[in-house]
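Here is the structure we will look at, set down as structure tokens.
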Amino acid sequence: MALWRTLSIPIASPLGLILSFLLLLNSAVTTTVSIRVKTITPNLSPVKLPVFREAPVFRNGDSCGLNKSDLIHIAMTLDENYLRGTMAAVLSMLQHSTCPENLSFHFLCAHSDIELVPSIQSTFPYLNFKIYNFDLNRVRGKISKSIRQALDQPLNYARIYLADILPADVKRVLYLDSDLVVVDDVGKLWDVDMEDKVLAAPEYCHANFTVYFNDDFWSDKELSKTFQGRNPCYFNTGVMVVDVDKWRNGGYTKKVEQWMALQKKKRIYHLGSLPPFLLVLAGNIKQVDHRWNQHGLGGDNFEGRCRTLHPGPISLLHWSGKGKPWLRLDSRKPCVVDHLWAPYDLYLSSRQILEE
């Protein structure tokens, strides 16, 4: 049931400016005004966060187990700039899951973003989730400048440390970016047979793998032997199933960090956190059907121009690249594919809040 309360809105705020204009029509302006609005998310933080409507409640089907072993562990980062995308992604998974109550979310956020937690709680009151503070000092001095500033944010590297952060009883985790929606039962991806691999993801062997590393890498006799004995293919790290135990036991965090350290000394690639994953794992992962990552919908990393869908069935739509659907929709310059994201958008604009 929605709660109603009286809020005092300063005239200097955007909402106050709208109200003051309306009041001016009646020549009655005061320093503050009081109105009744629907309270969705209490926000006591000085940072102005977006407000979201409460999501529907989703219940398990009759075939769902109730044991701890039936949980599906999903890890995502929680960031102010991508919060709207996170909300849409979570809603899409709950809506299409056969066992939505079995979804267990693990949100990684920086200490400065801890004020985002009430947004999750109020939007998804029944969500099973935990919050983990990702210590940004873990990557301080390890990040090299890439072709786009957004790729250099420390939280982009949090996926490297999942095995260190998650509880020991989490044996497998599905890592997902915040700029995607799932339009199928995520349990199908979770149930992939990992065989003896540490990581499962869609591979794209038609892509020119050499472009992910620069000439200095390929001209170095030792470095160019890195993929010897492997058939390396590009994979997107925004959708991964990770065997956390194998990652821990194999010391994969250290292996990725070693390549990041080399990058600081001798620049061998241009793209943020992706290349060190490729250097360690490309050609040695479990292949997942392409339907589970229809990526690149955000366009390239420079201009984010519109792209169309690839042919074939789709279970997951991913706006990797510069263009994000909520920004393009707000600017009233959306791409056609952005309208596939819109139904999962729980954001309430100021106008919608007043109407409710």
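The values are calculated or read from the model by the stated rules, or taken from the named source; none is laboratory data. Computed from a predicted structure; not experimentally measured. Glycine also receives a Cβ, built like all others from the backbone with ideal geometry; neighbour counts cover every protein chain displayed. These area figures cover heavy atoms from the full protein model, side chains too; ligands, DNA and RNA do not enter into them. Shrake-Rupley method; radii C 1.70, N 1.55, O 1.52, S 1.80 Å.
Yes or no, residue by residue, for (1) in contact (Cβ under 8 Å) with a residue 12 or more places away in the chain; (2) under 22 Å from Gly187 (Cα atoms):
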position	(1), (2)
Leu317	yes, yes
Gly323	yes, no
Leu327	no, no
Pro334	no, no
Pro343	no, yes
Tyr347	yes, no
Which numbered condition in (1) in a helix (DSSP H, G or I); (2) surrounded by 17 or more Cβ atoms within 10 Å (Cβ to Cβ) is the only one that Asn301 fails?
(1)
Restricting attention to the range 98-126, which residues are at pLDDT 95 or above and either among the β-branched types (Val, Ile, Thr) or in contact with a strand residue (DSSP E or B) (Cβ under 6 Å, 6 or more places away or on another chain) (or both)?
Thr98, Asn102, Leu103, Ser104, Phe105, His106, Phe107, Leu108, Ile120, Thr123
So in the range 59-75, with the set limited to residues that are part of a loop (DSSP other than H, G, I, E, B) and open to solvent by less than 50 Å² (accessible area, probe 1.4 Å), which one is farthest from Pro343 (Cα to Cα)?
Gly65
In the range 220-252, anything buried (at least 17 other Cβ atoms within 10 Å of the Cβ) and polar (S, T, N, Q) is listed as Thr226, Asn236, Thr237
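Which one of these is under 30 Å from Gly141 (Cα atoms) and among the basic types (Lys, Arg): Lys188, Lys265, Lys197? Step through it out loud before you land on a result.
Working: Lys188 fails: under 30 Å from Gly141 (Cα atoms); Lys197 fails: under 30 Å from Gly141 (Cα atoms).
None of the other options fit; the residue is Lys265.
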Looking at Ser27, Ser13 in this structure, which one is at positive phi and either in contact with a Leu (Cβ under 8 Å, 6 or more places away or on another chain) or at pLDDT below 95 (or both)?
Ser27
Of the conditions (1) of a type in the set (A, V, I, L, M, F, W, C); (2) part of a loop (DSSP other than H, G, I, E, B); (3) in contact with a strand residue (DSSP E or B) (Cβ under 6 Å, 6 or more places away or on another chain), Phe129 fails just one. Which one is it?
(2)
Output for the range 266-294, where each listed residue is more than 22 Å from Tyr161 (Cα to Cα) and surrounded by fewer than 17 Cβ atoms within 10 Å (Cβ to Cβ):
Lys266, Arg267, Gln287, Asp289
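Among the residues of the range 270-292, are any more than 30 Å from Lys246 (Cα to Cα) and charged (D, E, K, R)?
No, the range 270-292 contains no residue that is more than 30 Å from Lys246 (Cα to Cα) and charged (D, E, K, R).
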Between residues in the range 106-119 that are free of Cβ contacts under 8 Å to residues at least 60 places away in the same chain and residues that are in a strand (DSSP E or B) and among the charged types (D, E, K, R), which pairs lie under 9 Å by C-beta distance while being six or more apart or on different chains?
Phe107/Lys130
Just to check your reading of the model, which residue among Ala168, Ala207, Ala163 is of a type in the set (A, V, I, L, M, F, W, C), within 18 Å of Leu281 (Cβ to Cβ) and free of Cβ contacts under 8 Å to residues at least 60 places away in the same chain?
Ala207
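Per-residue answers, yes or no, for (1) more than 26 Å from the chain's Cα centre (by Cα); (2) basic (Lys, Arg); (3) under 28 Å from Cys306 (Cα atoms):
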position	(1), (2), (3)
Val211	no, no, yes
Ser224	yes, no, no
Cys233	no, no, yes
Met260	no, no, no
Leu279	no, no, no
Output the qualifying pairs, or none if there are none: Cβ atoms under 6 angstrom, residues six or more apart or on different chains, first residue in the range 221-235 and more than 17 Å from Pro276 (Cβ to Cβ) and modelled with pLDDT of 95 or more, second residue open to solvent by 90 Å² or more (accessible area, probe 1.4 Å) and of a type in the set (Val, Ile, Thr).
none
Would you say Arg5 is at pLDDT below 90, open to solvent by 50 Å² or more (accessible area, probe 1.4 Å) and either among the basic types (Lys, Arg) or farther than 30 Å from Leu189 by Cβ (or both)?
yes
